[in-house]
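Following: one structure in structure tokens, then a few remarks.
Only the coordinates and a few stated rules stand behind these numbers; no lab work does. It should be emphasised that the depicted structure is a prediction, and the values quoted were computed from it without experimental measurement. Glycine gets a Cβ as well: all are built from the backbone with ideal geometry, and neighbour counts include every protein chain shown.
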Ligand code: COA
């Protein structure tokens, strides 16, 4: 079952995790979430320098599977987060950088999945919204949290409470996506970004990502300490030694990928 819902493949040093529940616009059923979790545990993602998440031309994902949202009691909701609902946090905590290549509907939990990645690239067909409040619930896969960090509380309230749809250009203006690619070129642009990220010293990338993610909750002093400790660790790596030697020898550094 997992194999048909999610396809994983290697593209150079990157892994592509493609949602393939096309018939249901990649609505995030618990089976699809489980398949994404399985992909994260698989050898392709584990060995990759960057992970690209994508959907199909009609939908990155139309959000939580509404058919599964009916008649959930508190115990079932707790069980859901213990089972497959934690997959968004697992994506957010991947050590390597992550990119979402988005075309079509990117709604609710699908938008939250994209927010759990480090970068988002949208095609002109991308259409974003958080419809949860309008159906009596709220974004609860880390999206509210991440949105506040990305755009601030006032904008987050606008997006979460009003739930209006907006397109790729507005997402770019809000800083929610890093690039609007040409139609049909979202994955290609995401892979180009993945290649750039994958060519960088992997340990420095992983440590910098972890430090940046910790910053919003860190005090100023704790943040400085994290930077300095991170530096103390990275300065001892072979990549840093090689870069310093290259500088001294006036030649370009030879960064080693994984
Ligand atoms: N959960 C479950 N099934 C969903 C779904 C969701 N979030 N979004 C789409 N689907 C299913 C539809 O039920 C339909 O299945 P069917 O062919 O078996 O009837 C299929 O995907 C195609 O969707 P359809 O509505 O026919 O496509 P459309 O192009 O007319 O409309 C949307 C697309 C995205 C506007 C519409 O499907 C929609 O509003 N979906 C719900 C979005 C949402 O509220 N998500 C947040 C949930 S918290």
Rounded to the nearest 10 degrees, the helix 30-41 long axis (Cα) sits at an angle to the longest Cα principal axis of the chain of 10 degrees
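Okay, helix-only estimate at 222 nm for the chain: each DSSP H run of n ≥ 4 adds -39500 (n - 2.57), divide by all residues, round to 500 deg cm²/dmol; what do you get?
-12500 deg cm²/dmol
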Beta carbons within 10 angstrom, averaged per residue: use that to sort the peptides 88-100, 226-238, 7-19, 156-168, highest first. 88-100, 7-19, 156-168, 226-238
What's the FRET efficiency of residue 215 with residue 70 using the Cβ-Cβ distance as r and R₀ = 51 Å, to the nearest 0.05? 0.85
With the contact rule set at Cα under 8 Å and sequence spacing of 6 or more, what percent relative contact order holds for the stretch 20-173? 22 percent
Among bridges DSSP assigns within the chain, what percent are antiparallel (round to 5)? 30 percent
If we count other beta carbons within 10 Å of each Cβ, what is the order of 132, 195, 123, fewest first? 195, 123, 132
Ratio of Rg to Rh over the stretch 1-133 (Cα coordinates, Kirkwood Rh, two decimals): 0.95
Computed over the chain: longest principal axis from alpha-carbon atoms vs helix 186-198 long axis, angle to nearest 10 degrees, is 30 degrees
For residue 7 and residue 41 in the same chain, what is the full-extension length gain: residue separation times 0.36 nm, less their Cα-Cα distance, in nm? 10.9 nm
Degrees between helix 238-248 axis and first principal axis of the chain (Cα, 0 to 90, nearest 10): 50 degrees
Fraction in percent of alpha-carbon pairs per bin - 5 Å, the stretch 115-240: 2, 9, 15, 17, 16, 16, 12, 8, 4, 1, 0
Based on the Cα atoms of the chain, what semi-axes does the equivalent ellipsoid have, where each is the square root of 5 times one gyration tensor eigenvalue, given in whole Å with the largest first? 32, 21, 19
Return a whole-number percent for the relative contact order of the chain, with Cα pairs under 8 Å and 6 or more residues apart as the contact set. 17 percent
At residue 236 and residue 23, where each label point lies 7 Å from the Cα along Cα→Cβ, what is the point-to-point distance in nanometres? 5.5 nm
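Which FRET efficiency, nearest 0.05, do residue 79 and residue 166 yield, Cβ-Cβ r, R0 30 Å?
Efficiency computed from Cβ-Cβ geometry: 0.30.
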In nm, what is the difference between 0.36 nm times the number of residues separating residue 196 and residue 137 and their Cα-Cα distance? 17.4 nm
